[in-house]
Amino acid sequence: MARDFGRIIGGLLLAAFLLPAADVLAQDEPEYRTEVGAGAGLITYTGDFNGNILKGMQPWGTLVARYHLNPRMALAVNIGTGKIKGSTDDVEEAWSPIERYEFNNQITEADFRYEYNFWAYGTGQEYRGARRFVPFITLGLGLTHHSGDNSGITMNLPIGAGVKWKIASRMNLTAEWVMRFTPCDNLDGKEDIYGIKSSGLFKNTDCYSVFQVGLSYDLWAKCKTCNNDRD
């Protein structure tokens, strides 16, 4: 009996010694400050010639860089390009105020965004409680260049959501849907074809949305001995 009791005490002492060491090892993987990558997806224009965000999708490509403020927040820079297409044939109304018209315009953008993860993001080995799969929301500000008739540069306001998946210690897979609101009404080359006067920054204007999947790689490991944002 005494011998069994001694074994139990010895086992508890051993566990008390090993568990802190295991916790240190579990968090021995470094945190990374940045990630860079690329993505591909589909762009949809919404305006006078299309009111359906699922109609007229065209290919889209992007480059992305992120700076991790902490495991739940990041700043991102996106550079993307694709084409928007449409015509008066796509208008659901039987009457159109202009003759038959079609466009095939190039959209190129650069935007700066803030991303907020609903949970700490990571492998769980670099930050206690981090999850490999997390949803996030994003909001930012950017510039969009549009080609075609009345080509030019306008501001865009990206708002959207997505999910992040840490598929390896330094590899990230991201899927997102982001709407870009603009104060411009001629992304399609025509402005206010129905003659509807409206006030407000984003009223009666063109916008576009992008669904994309991206792959990125972590860079620039944080100093393990420096101050960090763990517990």
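The values are calculated or read from the model by the stated rules, or taken from the named source; none is laboratory data. Since the structure is predicted, the reported quantities are computational estimates derived from the model, not experimental observations. FYI the Cβ positions are ideal-geometry reconstructions off the backbone, even for glycines, and counts take in every protein chain you see. Calculation scope for accessible area: heavy atoms of the full protein, side chains included, ligands and nucleic acids excluded. Shrake-Rupley method; radii C 1.70, N 1.55, O 1.52, S 1.80 Å.
Can you tell me the FRET efficiency between Ala110 and Trp220 if r is taken as the Cβ-Cβ distance and R0 is 35 Å, rounded to the nearest 0.05? Walk me through the numbers on the way to the answer.
Values: r = 22 Å, r/R0 = 0.63.
Given R0 = 35 Å and the Cβ-Cβ separation, E is 0.95.
Give a residue-ordered list of calculated ³J(HN,Hα) values for segment 75-80 (Karplus: 6.51 cos²θ - 1.76 cosθ + 1.60, θ = phi - 60°; whole Hz; x for Gly, Pro).
Going residue by residue, I get 10, 10, 10, 10, 10, x Hz, with x marking Gly and Pro.
Going by average Cβ density within 10 Å per residue, which order do the peptides 33-43, 133-143 take, highest to lowest? Don't skip to the answer; put the middle values down first.
Working: 33-43: 17.9, 133-143: 16.0.
My ranking of the peptides, most packed first, is 33-43, 133-143.
On a 32 Å Cα-Cα criterion, which of the cross-link pairs Lys164/Lys222; Lys85/Lys164; Lys83/Lys222; Lys164/Lys190 come out too long? Don't skip to the end; give the middle numbers.
Values: Lys164/Lys222 21 Å; Lys85/Lys164 30 Å; Lys83/Lys222 39 Å; Lys164/Lys190 38 Å.
Distance filter (> 32 Å) returns Lys83/Lys222; Lys164/Lys190.
For Met57, tell me the accessible area in Å² from a 1.4 Å probe, rounded to the nearest 10.
The value for Met57 is about 80 Å².
Which value, in nm² and rounded to one decimal, describes the direction-averaged projected area of the C-alpha convex hull of segment 35-172?
So the Cα hull casts an average projection of 9.1 nm².
At 0.36 nm per residue, and after removing the present C-alpha to C-alpha distance, how many nm does the segment from Ser169 to Leu63 gain when stretched out fully? Intermediate results must be reported in sequence, preceding the final value.
Working: separation 106, 0.36 × 106 = 38.16 nm, distance 2.09 nm.
The span from Ser169 to Leu63 would gain 36.1 nm if fully extended.
Full-extension gain between Asn52 and Glu102, please, as 0.36 nm times their residue separation minus the C-alpha to C-alpha distance. Provide the component values of the computation, followed by the final result.
Details: separation 50, 0.36 × 50 = 18.00 nm, distance 1.68 nm.
Roughly 16.3 nm would be gained on extension.
Using a Förster distance of 30 angstrom, determine the FRET efficiency expected from the C-beta separation of Ser151 and Met73, and round it to 0.05.
Numbers: r = 36 Å, r/R0 = 1.20.
The formula returns an efficiency of 0.25 here.
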